[in-house]
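In what follows, a structure is listed as structure tokens, so that the remarks can point back to it.
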Amino acid sequence: MKHRAALLLALLLPCAVPCAAETETRIPAVAIETASELRDRALKDDVAYDIVESLTTEIGSRLAGSENDLKAREWMIAKFKALGFDKVWSEPVSFPKWVRRSESAAVVEPYPQPLTISALGGSAGTPAGGLVAEVIAFPDLEAMKAAADYTVRGKIVYIANPRMHALRDGHDYGAGSGVRVQGPEQAEAKGAAAFLLRSVGSDGNRLAHTGMTRFSNPDKAIPAAALSNPDADQLDRIIKRGKPVKLRLSLDCGTEGSYTGANIIAEFTGSQRPREYFLTGGHLDSWDVGTGAIDDAAGVAITTAAAVLIGRLPERPARSIRVVAFANEESGLYGGKAYAAQHHLEIDKVILGAESDGGADRIYAMSATVKPEARAAIGQIAEVLRPLGIDYDATLPGSGGSDLSAVHAVGMAGLSLRQDTSRYFEWHHTDNDTLDKVDPEQLRQNVAAYAVAMYLAASAEGDFGSAPGAFEKATASH
């Protein structure tokens, strides 16, 4: 009786120290063996290329809110069903509808000549007949911020930010895109008539790179555009001559109310824990230039093809595989944010998440943000990926990808499969984003990597730490 009473008391009292260390997440040996077979099978599979070819040929560009937006959603639903997914559904996503009709620019003084530009998403249009104004140039955004407002008022601000370099990790893009996103609004606050910047791209083509900009108050938006790199070089040379420079800018574009699109979602049901799932996908929208092959038809194709390989196994993994074709990533992660808002209370059901949105070239590295007890399982995934030439850096975070960064922010454990972007930013957001830039062999390597990661995470014994608010400190420091 004394021992029984002592046991009862121990059960009732709270632990003065942790009662037991949390069990480490591990992946069974049989799953490792199956994943290795999946990897090898994926390297011979062309489902992903067929998807990219079909989407870019039958639909083409997919600007959010355009007629092709709806066509792409209908295409995606039909494709998911044809590929045998167990469930296919959509969830609404609303956003401002921005349209582009035409654009042109030219030097008026002192050396008249045309310039190649592309309006930025979110830009306002110019008055009918265009806008003629003097240019004021700055080497970077900080220099413009430091300028007195009266020197900027009524002029076309030009930020001659440095050209990007072709780098495997694409880290130059962050600085350039920051200028593109923030610059127009800051120029407007100083009274600028319009805003131009050097394209955020590593190429020397006479094609301008579009992309989004952001105005807190759309009613105060000003005309904003990017110059192709050769035209930015030319404008730099003209300005260095020391004479006043005037440009004519004509943009027929702008925001026309709101639009409701959708995230298109498909799932293969897990064999033992079907309510839990690996979350993956890419964004279905693209800019209206090019056909959106590398940004991001390839991402949708890679993750869909990897899921299909898993769905066709004789025995499914314990958890489900969920693929999302996200809406309107390009203008501000609207699809990812909508998914996070709708599913944040059940975020613990996401075993792990990884999105593909870095083109179609080889994955060279993997990183992750997971709970400490799941590091060993991430290491197991890394070992199966190693024959694909993929390194694992445990010191780097993993948000899961562009849209999934919003889902990671509300508590999803994130896995990042990092693609080589040496070529990507030559074509990104330009007319050159077309199917011929997709290398089938490199695309298959991507499918193999995603199939391995998805299958092993869905087969894990234990979890990777997803829970509401689980990675708030990690996301704050990214």
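What follows draws every value from the coordinates through simple rules; no lab data is involved. The shown structure was predicted, so the numbers you read here are calculated from the model rather than taken from an experiment. Positions of Cβ are generated from backbone atoms using ideal geometry, with glycine treated the same way; all protein chains shown enter the neighbour counts.
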(message) What value in Å³ per residue do you get for the convex hull of the alpha-carbon atoms in the stretch 79-186?
(response) 214 Å³
(message) Less than 13 Å from a label point 7 Å out along the Cα-to-Cβ axis of R241: which backbone N atoms in the stretch 100-118 qualify, by residue?
(response) 107-114
(request) Could I have the simple spin-label model distance between E67 and R386, label points 7 Å from Cα toward Cβ, reported in nm to one decimal? (result) 5.4 nm
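Could you tell me the calculated FRET efficiency between K220 and Y111, based on Cβ-Cβ distance and R0 = 30 angstrom, to the nearest 0.05? Let's see the in-between values first.
Working: r = 33 Å, r/R0 = 1.09.
Result of the calculation: an efficiency of 0.35.
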(request) Describe numerically, in nm with one decimal, the distance between label points set 7 Å from Cα along Cα→Cβ at Q182 and at D393. (result) 2.3 nm
(message) Using the Karplus curve 6.51 cos²θ - 1.76 cosθ + 1.60 with θ = phi - 60°, what ³J(HN,Hα) values do you get for each residue of the stretch 453-468, in whole Hz, with x for Gly and Pro?
(response) 4, 5, 5, 5, 5, 5, 9, 5, 9, x, 10, 10, x, 4, 5, x
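For the stretch 98-254, give the share of DSSP beta bridges that are antiparallel, in percent and rounded to the nearest 5; count only bridges with both residues there.
Numbers: 19 of 32 bridges.
Antiparallel: roughly 60 percent of the beta bridges in the stretch 98-254.
Given the stretch 204-350, what percent of its DSSP beta bridges are antiparallel, to the nearest 5? All intermediate terms of the calculation are to be shown ahead of the outcome.
Numbers: 5 of 14 bridges.
Once the DSSP bridges in the stretch 204-350 are tallied, antiparallel ones form about 35 percent.
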(message) Through the Karplus equation 6.51 cos²θ - 1.76 cosθ + 1.60, θ set to phi - 60°, convert the phi angles of the stretch 321-330 into ³J(HN,Hα) values in whole Hz; use x for Gly and Pro.
(response) 10, 10, 10, 10, 8, 6, 8, 6, 6, 4
(request) Work out the charge dipole of the chain with +1 on the Cβ of Lys and Arg and -1 on the Cβ of Asp and Glu about the Cα centre, then indicate which of M454, I378, A224 is farthest towards its positive end. (result) A224
(request) Take every DSSP beta bridge whose two residues both sit in the chain, then give the antiparallel share in percent to the nearest 5. (result) 60 percent
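How much length is gained if the chain between A29 and A147 is pulled fully straight, taking 0.36 nm per residue apart and subtracting their Cα-Cα distance, in nm to one decimal?
Details: separation 118, 0.36 × 118 = 42.48 nm, distance 6.27 nm.
Computed gain between A29 and A147 is 36.2 nm.
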(message) Please list, in order along the stretch 171-178, the HN-Hα scalar couplings obtained from phi with the Karplus expression 6.51 cos²θ - 1.76 cosθ + 1.60 (θ = phi - 60°), rounded to whole Hz, x for Gly and Pro.
(response) 6, 5, 4, x, 5, x, 5, x
(message) Whole percent per 10 Å bin, from 0 to the bin with the longest distance: what is P(r) over all C-alpha pairs of the stretch 98-254?
(response) 12, 45, 36, 7, 0
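Could you work out how much longer the chain between D436 and D348 gets when fully extended? Use 0.36 nm per residue separation minus the Cα distance between them, nm to one decimal.
Working it through step by step, the gained length comes to 27.7 nm.
With +1 on the Cβ of every Lys and Arg and -1 on the Cβ of every Asp and Glu, and nothing else charged, how large is the dipole of the stretch 98-254 about its Cα centre, in debye rounded to the nearest 20?
Values: 19 positive and 16 negative charges, 52 e Å.
That gives a dipole near 240 debye.
When the Kirkwood radius is taken over all Cα pairs of the chain, what Stokes-Einstein diffusion coefficient follows at 20 °C and 1.002 mPa s, in µm²/s?
Details: Rh = 23.6 Å.
Reported coefficient: 91 µm²/s.
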(message) Give me the tail of P(r) for the stretch 35-84 as a percent: Cα-Cα pairs with distance above 13 Å.
(response) 65 percent
(request) For the stretch 98-254, build the charge dipole from Cβ charges (+1 Lys, Arg; -1 Asp, Glu) around the Cα centre, then report which of N161, I136, P244 sits farthest towards its positive end. (result) P244
(request) Would you mind putting 463-473, 424-434 in packing order, based on average other-beta-carbon counts within 10 Å, highest first? (result) 424-434, 463-473
(request) Could you pull out which residues in the stretch 287-319 have an amide N less than 20 Å from a spot 7 Å beyond the Cα of A166, following the Cα-Cβ vector? (result) 293-295
(message) Give me the net charge for the shell around A175: Cβ to Cβ below 12 angstrom, other residues only, Lys and Arg +1, Asp and Glu -1.
(response) 0
(message) Under the 0.36 nm per residue contour assumption, what length would be gained going from the current alpha-carbon distance of R41 and R275 to full extension?
(response) 81.5 nm
